[in-house]
1. Per residue of the chain, what 222 nm ellipticity follows from adding -39500 (n - 2.57) for every DSSP H run with n ≥ 4, rounded to the nearest 500?
2. Give the relative contact order (percent, whole number) for the chain; include only Cα pairs under 8 Å separated by 6+ residues.
3. Using the beta-carbon distance between residue 30 and residue 121 and R0 = 30 Å, what value does 1/(1 + (r/R0)^6) give for FRET efficiency, to the nearest 0.05?
4. For the range 18-102, what relative contact order do you get, as a whole percent, if you take Cα pairs closer than 8 Å and at least 6 residues apart?
5. When the convex hull of the Cα atoms of the chain is projected onto a plane and the area is averaged over all directions, what value comes out in nm²?
6. Could you compute Rg(Cα) / (2.2 N^0.38 Å) for the range 1-78, with N its residue count?
7. Ratio of alpha-carbon Rg to the 2.2 N^0.38 Å globular estimate for the range 1-132, to two decimals, please.
8. Can you say what percent of the DSSP beta bridges in the chain, counting only those with both residues inside, are antiparallel? Round to 5.
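Each value in this text was obtained by applying a stated rule to the coordinates, not by laboratory testing. Since the model is a prediction, treat every value here as computed from it, not as a measurement. As a convention, Cβ positions derive from the backbone with ideal geometry for all residues, glycine included, and neighbour counts pool all protein chains shown.
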Ligand SMILES: [Fe+2]
């Protein structure tokens, strides 16, 4: 049986002045993959004009396409409108939710959420002290709950795939300045994923990080920021 090919890329940062550029990068994706995952930061500032430009760039993509938003897509406080525009153009946007596709007789489940900052391993920031800091920590904890809920809803699939914007592991942010690691992801995201299981995890956000890593439980993690992959990564599920 043919392997299921998952294409993934993030941090594509489409805006009005990049017209045609991303479409060119996607030219071969219909032949090279069975499904395309977009790991957030799809625009520069999350404006509706940028979101419209993004939709236009994706018109040539004929394989199922699933997205999560990134921090850049929230910058104009129009994330709901941006997500709705994508959804109305047949690009589901996951936010603590999941979807199942049948590909070559196999069920592939995609669970996704944006994720958030917070830090890694023994150094995740704790909710102590000022309210502002607690709010920051709680935003990260909520994203961890969301990926747990999305994975819990994925029952009886052959493959579970996790799509995030922020990193769930330190491995794939290495290469960025160490001072900003805590803003690139949160190790607590990996906890429910390791417990509930997944075949692979994709994220972006750390443009100068490392392409491949693993969760403590051994699940492969790929940073698919466009700076680190050639157009997009293609991963074969097996
Ligand atoms: Fe980002």
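1. Values: 6 runs with 58 residues, N = 238.
Calculated at 222 nm, the ellipticity per residue is -7000 deg cm²/dmol.
2. Values: 596 pairs, mean separation 52.8, N = 238.
Across the chain, relative contact order equals 22 percent.
3. Numbers: r = 40 Å, r/R0 = 1.32.
My answer for the efficiency is 0.15.
4. Details: 116 pairs, mean separation 27.3, N = 85.
Over the range 18-102, the number comes to 32 percent.
5. On the way: hull surface 49.0 nm².
Over all viewing directions, the chain projects a mean Cα-hull area of 12.3 nm².
6. Details: Rg = 12.7 Å, N = 78, 2.2 N^0.38 = 11.5 Å.
With N residues counted in the range 1-78, Rg over 2.2 N^0.38 Å equals 1.11.
7. Numbers: Rg = 16.5 Å, N = 132, 2.2 N^0.38 = 14.1 Å.
In units of the 2.2 N^0.38 Å rule of thumb, it is 1.17.
8. On the way: 15 of 40 bridges.
Close to 40 percent.
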